[in-house]
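Asks: Here it is: the structure, laid out below.
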Amino acid sequence: MRSHYCGQVIETLLDQDVTLCGWAHRRRDHGGVIFIDLRDREGLVQAVIDPDTPEAFTTAERVRNEYVLRVSGRVRRRPPGTENPNLPTGAVEVLAREIEILNRSEPLPFQLDDDDTSEEVRLRYRYLDLRRPEMQNRLQLRTRTISALRQFLEQHGFMDIETPMLTKATPEGARDYLVPSRTHPGSFFALPQSPQLFKQLLMMAGLDRYYQVVRCFRDEDLRADRQPEFTQLDIETSFMDEASIIDLMEELIRQMFKAVLEVDLPNPFPRMPYDTAMQRYGSDKPDLRIPLELTELSDLMATVEFKVFSGPATNPNGRVVALRVPGGGSLSRREIDGYTEFVGRYGAKGLAYIKVNDATAGREGLQAPIVKFMDDETLTKILTRTGAESGDLIFFGADSVKVVNDALGALRVKIGHDLKLLKGEWAPLWVVNFPMFEWDETERRWNALHHPFTAPRTEDTEEVRANPQQCLSRAYDMVLNGTEIGGGSVRIHRQEMQSLVFDLLGIAPDEARAKFGFLLDALKFGCPPHGGIAFGLDRLVMLMAGAKSIREVMAFPKTQTAACLLTQAPAPVTEAQLRDLNIRLRRTP
């Protein structure tokens, strides 16, 4: 039905006949000449219809916005002074001979070029929202990204292997989506949170390089970079240690950025231990574009009379830090109050600060209520340690380690963006040397920091049992601009180590056998050393597209409440369907 896409009609096609199909983006009647901007997924081109073609002109008079058209005509150069430098097709136009209305359109519920349309309306009419060039460009970017990733992996010997969507519920950190079985009354499948166990089984099967672009499902509270169903680039290898996996995956991302965005990422990416990231940035996914760091002050504050500081400083689970904001002395009290409210969302009880009006004037050059609680020597050491200069502002965090890291880490990022302190466009990073376990104070038990199948850095089971708090894992995360885009590890490949880890995590032998018996059995039959990584494809494309949410790079996302406004899912089902599944709903009186 067509010879070219609209966006392909450029000067190389001058004096050639073309047939185009698309939507009437805009129609303009200039009293004797009609102009129609015709749009498809590749772009927009101007069609000109004059009275010399009366049948086409009569049809063009009936065209309205979003009518579906087929236009045939000859490509000619636009008259001087009428070119549109903002369009790739802006130097030419199509002098139409024929126009066919393939379908009409009622007035749209929103204008495609209205940037103020609410997300709720856009999601309800997602098929219209996806007509917008911005959305089509993002989905094309996603396609090119997946293609580049596939090409690299297949060139390096990886096999694309599918794993089941209907599987067994296993604890992986979030609630499962359950699917009732009609043929096994009272039993349920689970939609996979990830293909973790299956890809390990593929390694045990001798398929030593696996990948899959796979849908995953997690029933968890949502935010801008989370959806109940999302896409991973899932990868697993055998006979490679973490250094080799990191090097290969880094090259994957570097080549993809070059192919898709023509961006040269650093070679190599920086590596940072987990402890360093938490100490300096309060986060295990620091945004290195922001030149702000946390400064440890616990030792200085241990002896001050101000208990707000000395209490956490002397508590083994407490921490006191400073965040120096260059030029922050110009912040108003209202802005500081806004930041105080912001850190409160992360559990902070307040946000102390000092304005450094004159760094050379001692106590007299400092402005803040807390100055009176500290001696001159302590104030001098704070200025020296933070590197504060005249005109700066110093924020303080004092609380439990978790609250301080969460609150001041988030404040660092917010201030960096608010004050436009970012340096550079892309800042990739590997975070390594994660703890193997983290202690849950509420439940009084160990949890796996990554997942229960991550290998410790030691092969000695007794060492792991004796010192779980000191045990490091063979895990690694790839971070880009403060977002974790990939996480992986070398896996446990010996049954005795896997059984020990289950035991430390409070998974009893009977429970482990019930949930992971097939994995424990497979570990007995010559399991190779193996490891891998999973990249969050939606997050990665979100960053590449400069979008604010992964919903903006997914064709049909859910809302923050995990609902689809387009299809009105989830929705009730009939009593007959429930009976087939042996499910009875409890009716409230």
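The values are calculated or read from the model by the stated rules, or taken from the named source; none is laboratory data. Keep in mind it's a predicted model, so treat the numbers as computed, not measured. When we count neighbours, we look across all protein chains shown, and the Cβ atoms used for this are built from the backbone with ideal geometry, even at glycine.
Asks: Which condition from (1) touching a helix residue (DSSP H, G or I) at 6+ places or on another chain (Cβ under 9 Å); (2) surrounded by fewer than 17 Cβ atoms within 10 Å (Cβ to Cβ); (3) at pLDDT 95 or above is the one that ALA348 breaks?
Replies: The failed condition is (2).
Asks: Mind counting the residues in region 444-454 that are in contact (Cβ under 8 Å) with a residue 24 or more places away in the chain and either at positive phi or among the acidic types (Asp, Glu) (or both)?
Replies: So in region 444-454, the residues in contact (Cβ under 8 Å) with a residue 24 or more places away in the chain come out as 445-454.
Next, only the ones that are either at positive phi or among the acidic types (Asp, Glu) (or both) stay: none.
Counting residues in region 444-454 that are in contact (Cβ under 8 Å) with a residue 24 or more places away in the chain and either at positive phi or among the acidic types (Asp, Glu) (or both) gives 0.
Asks: State whether the residues of region 507-529 include one that is of a type in the set (Val, Ile, Thr) and under 22 Å from the mean Cα position of the chain (by Cα). Explain how you work it out, then say what you get.
Replies: First pass over region 507-529, keeping only residues of a type in the set (Val, Ile, Thr): 507.
With under 22 Å from the mean Cα position of the chain (by Cα) added as a condition, the list becomes none.
No, region 507-529 contains no residue that is of a type in the set (Val, Ile, Thr) and under 22 Å from the mean Cα position of the chain (by Cα).
Asks: Against the condition within 19 Å of LEU565 (Cβ to Cβ) and either charged (D, E, K, R) or over 21 Å from the mean Cα position of the chain (by Cα) (or both), how does PRO88 come out, does it pass?
Replies: So PRO88 fails the test.
Asks: If you take the residues of region 315-343 that are assigned to a strand (DSSP E or B) and not aliphatic (A, V, I, L, M), which of them is surrounded by the fewest Cβ atoms within 10 Å (Cβ to Cβ)?
Replies: Taking region 315-343 as the starting set, the residues that turn out to be assigned to a strand (DSSP E or B) are 318-325.
Checking the rest, the ones that are also not aliphatic (A, V, I, L, M) come to 318-319, 324.
Numbers: GLY318: 19, ARG319: 25, ARG324: 22.
It comes out as GLY318.
Asks: Here's something else I'd like to know. Determine whether ALA47 is part of a helix (DSSP H, G or I) and farther than 29 Å from MET544 by Cβ.
Replies: Details: part of a helix (DSSP H, G or I): no; farther than 29 Å from MET544 by Cβ: yes.
No; evaluated as a whole, the condition is false for this residue.
Asks: Would you mind listing the helices (runs of 4 or more DSSP H) fully within region 507-589 where at least 1 residues are in contact with a helix residue (DSSP H, G or I) (Cβ under 8 Å, 6 or more places away or on another chain)? Talk me through it step by step, then tell me what you get.
Replies: On the way: elements: 509-522, 537-545, 575-580.
It comes to 509-522, 537-545.
Asks: Within the group VAL541, VAL501, which residue is more than 29 Å from ARG254 (Cβ to Cβ), crowded, with 17+ Cβ neighbours inside 10 Å and hydrophobic (A, V, I, L, M, F, W, C)? If you could, list the steps in order and put the result at the bottom.
Replies: Numbers: VAL541 fails: more than 29 Å from ARG254 (Cβ to Cβ).
Within the list VAL541, VAL501, the selection yields VAL501.
Asks: Answer yes or no: is there a residue in region 218-232 that is touching a Gly at 6+ places or on another chain (Cβ under 9 Å), β-branched (Val, Ile, Thr) and either in contact (Cβ under 8 Å) with a residue 40 or more places away in the chain or in the same structural domain as ALA522 (by TED's automatic domain parsing) (or both).
Replies: Let us first name the residues in region 218-232 that are touching a Gly at 6+ places or on another chain (Cβ under 9 Å), namely 218, 220, 225, 230-232.
Going one step further and asking which of them are β-branched (Val, Ile, Thr), we end up with 231.
Next, from what is left, pick out any that are either in contact (Cβ under 8 Å) with a residue 40 or more places away in the chain or in the same structural domain as ALA522 (by TED's automatic domain parsing) (or both): 231.
Among the residues of region 218-232, at least one is touching a Gly at 6+ places or on another chain (Cβ under 9 Å), β-branched (Val, Ile, Thr) and either in contact (Cβ under 8 Å) with a residue 40 or more places away in the chain or in the same structural domain as ALA522 (by TED's automatic domain parsing) (or both), which makes the answer yes.
Asks: Can you name every residue in region 171-228 that is among the β-branched types (Val, Ile, Thr) and closer than 28 Å to LEU540 by Cα?
Replies: Pass one, region 171-228, residues among the β-branched types (Val, Ile, Thr): 179, 183, 213-214.
Of everything in region 171-228, those that are among the β-branched types (Val, Ile, Thr) and closer than 28 Å to LEU540 by Cα turn out to be VAL213, VAL214.
Asks: All but one of (1) under 30 Å from SER187 (Cα atoms); (2) of a type in the set (Asp, Glu); (3) touching a Ser or Thr at 6+ places or on another chain (Cβ under 8 Å) hold for ASP538, so report the exception by its number.
Replies: Single failed check for ASP538: (1).
Asks: Then there's this: Test ARG122 against the stated conditions and say whether it is touching a helix residue (DSSP H, G or I) at 6+ places or on another chain (Cβ under 7 Å) and crowded, with 18+ Cβ neighbours inside 10 Å.
Replies: Values: touching a helix residue (DSSP H, G or I) at 6+ places or on another chain (Cβ under 7 Å): yes; crowded, with 18+ Cβ neighbours inside 10 Å: yes.
For ARG122, the condition - touching a helix residue (DSSP H, G or I) at 6+ places or on another chain (Cβ under 7 Å) and crowded, with 18+ Cβ neighbours inside 10 Å - is met.
Asks: Anything in region 156-200 that is of a type in the set (D, E, K, R), under 16 Å from GLY532 (Cβ atoms) and either outside the structural domain of PRO228 (by TED's automatic domain parsing) or not in a loop (DSSP other than H, G, I, E, B) (or both)? List them, or say none.
Replies: Within region 156-200, ASP160, LYS199 meet the criteria.
Asks: Show the residue pairs meeting these rules: Cβ distance below 7 Å; 6+ apart or different chains; first residue within region 392-408 and over 14 Å from PRO312 (Cβ atoms); second residue among the charged types (D, E, K, R) and surrounded by fewer than 23 Cβ atoms within 10 Å (Cβ to Cβ).
Replies: ASP392/ARG324; LEU393/LYS355; ILE394/ARG324
Asks: Residues being aliphatic (A, V, I, L, M), assigned to a loop (DSSP other than H, G, I, E, B) and either surrounded by 15 or more Cβ atoms within 10 Å (Cβ to Cβ) or outside the structural domain of GLU55 (by TED's automatic domain parsing) (or both): count how many of those fall in region 1-38.
Replies: First pass over region 1-38, keeping only residues aliphatic (A, V, I, L, M): 1, 9-10, 13-14, 18, 20, 24, 33-34, 36, 38.
Narrowing further to those that are assigned to a loop (DSSP other than H, G, I, E, B): 1, 9-10, 14, 33.
Now drop any that are not either surrounded by 15 or more Cβ atoms within 10 Å (Cβ to Cβ) or outside the structural domain of GLU55 (by TED's automatic domain parsing) (or both), which leaves 1, 9-10.
Summing the residues that are aliphatic (A, V, I, L, M), assigned to a loop (DSSP other than H, G, I, E, B) and either surrounded by 15 or more Cβ atoms within 10 Å (Cβ to Cβ) or outside the structural domain of GLU55 (by TED's automatic domain parsing) (or both) in region 1-38 gives 3.
Asks: From ARG457, ARG444, ARG465, ARG412, grab the single residue that is outside the structural domain of GLU364 (by TED's automatic domain parsing), of a type in the set (Lys, Arg) and under 30 Å from the mean Cα position of the chain (by Cα). Spell out how you get there, then give the answer.
Replies: Details: ARG444 fails: under 30 Å from the mean Cα position of the chain (by Cα); ARG465 fails: under 30 Å from the mean Cα position of the chain (by Cα); ARG412 fails: outside the structural domain of GLU364 (by TED's automatic domain parsing).
None of the others qualify; the one that does is ARG457.
Asks: Sort out which residues of region 143-181 are modelled with pLDDT of 95 or more, among the charged types (D, E, K, R) and surrounded by 13 or more Cβ atoms within 10 Å (Cβ to Cβ), and write them in order of number.
Replies: Across region 143-181, the qualifying residues are ARG144, ARG150, GLU154.
Asks: In region 233-255, how many are within 21 Å of PRO273 (Cβ to Cβ) and among the acidic types (Asp, Glu)?
Replies: Of the residues in that region, 4 qualify.
Asks: Given the conditions (1) loosely packed, with under 10 Cβ neighbours inside 10 Å; (2) in contact with a Phe, Trp or Tyr (Cβ under 7 Å, 6 or more places away or on another chain), report the number of the one that LEU566 does not fulfil.
Replies: (1)
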